[in-house]
């Protein structure tokens, strides 16, 4: 992705109190879930510098891994105020007593994922688990003495957005190191055609850089499709030291494919990017969340992480019937936010 100028640097997170988006991960409470997901066979792979959703469901045998240390606890933070009319319609609870598979599809494989990535995505409990403080942890493990040197996790939510308008948010603590690429993003449910049906990136950062990349893609990475991308880079200098609150709001006029509508991306309560819903993309109600930690590859410019563990910790995950401040505030955010640049 190109470096963008005039970025708004974000410092400390919001320090507001009140009712909140309880966004952590997993569930005792789920609505509108889907239990089926077909393999990603219709997606066209790309070798360009971005995530390729191609995902054959296989994994090579795993060698035993040493017991890694527990993830650092994320301190409770204050939460942004919500409109009195804002209500959650999906708030999973990440409870160690329930399996990951109750809320997420665990994709596996070590085929490079279209970007020459080095990790093997597994369903092993050391690579993905819930914690007693109701967090979801995706743990990348690098062990140079193992036959399976790079292991990690990639999850797809069973839950879809399920509505033509709403708000998705999460609090996360991202691993920041050379060769590490954590991402919180979305694709339509299977089956779909990539990139025509669209891709939304809410949080992604790589190589330890304190930058979040908010993106919308509905075209290939070539000259002909140059205008089918929107990107905003938001510097977060203290990303490695703190929790970040990210969100995404959408408002589609009709619950049909290709219908007009608006989108806004948020970082720590600030609207950092806006876009119109592209013509011809999949209706928003069909989209699912994807969370993963990639290692190496094109995006990381060939850098590989050193031996160790790399935790992507998420909590307070949820979907709401309106963004913070309600739909009037969304309208103001859309007017004031920047439209992403093309690639």
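Side notes on the structure shown:
- Residue match in segment 201-208 (condition: surrounded by fewer than 24 Cβ atoms within 10 Å (Cβ to Cβ) and on the phi > 0 side of the Ramachandran plot): yes
- Residues of segment 275-297 that are assigned to a loop (DSSP other than H, G, I, E, B), over 30 Å from residue 118 (Cα atoms) and in contact (Cβ under 8 Å) with a residue 60 or more places away in the chain: 278, 280, 281, 282, 283.
- Residue match in segment 70-79 (condition: at pLDDT 95 or above and outside any strand (DSSP E or B)): no
- Look at segment 317-328: where a residue is more than 18 Å from residue 159 (Cα to Cα) and a partner is modelled with pLDDT of 95 or more and outside any loop (DSSP other than H, G, I, E, B), sitting 6+ places away or on another chain with Cβ atoms under 7 Å, you get 323/167; 323/247; 323/249; 323/329; 323/330.
- Among (1) within 18 Å of residue 172 (Cβ to Cβ); (2) more than 18 Å from the chain's Cα centre (by Cα); (3) part of a strand (DSSP E or B) - the single one residue 237 does not satisfy: (3)
- Scanning segment 250-274 for residues that are part of a strand (DSSP E or B) and within 9 Å of residue 284 (Cα to Cα) yields a total of 3.
- Residue match in segment 217-229 (condition: crowded, with 19+ Cβ neighbours inside 10 Å, out of contact with any helix residue (DSSP H, G or I) (no Cβ under 6 Å at 6 or more places or on another chain), touching a residue at least 24 places away in the same chain (Cβ under 8 Å) and farther than 30 Å from residue 328 by Cβ): yes
- Qualifying residues in segment 221-234 (those that are in a loop (DSSP other than H, G, I, E, B) and more than 17 Å from residue 339 (Cα to Cα)) - the one nearest to the chain's Cα centre (by Cα): 221
- Looking only at segment 112-140, and only at residues there that are more than 22 Å from residue 315 (Cβ to Cβ) and out of contact with any strand residue (DSSP E or B) (no Cβ under 9 Å at 6 or more places or on another chain), the one that is modelled with the lowest pLDDT: 114
- Test: residue in segment 304-324 that is touching a helix residue (DSSP H, G or I) at 6+ places or on another chain (Cβ under 7 Å) and over 30 Å from residue 144 (Cα atoms): yes
The values are calculated or read from the model by the stated rules, or taken from the named source; none is laboratory data. Please read all numbers here as calculations on a predicted model, not as lab measurements. Virtual Cβ from ideal backbone geometry, glycine too; neighbours counted across all protein chains shown.
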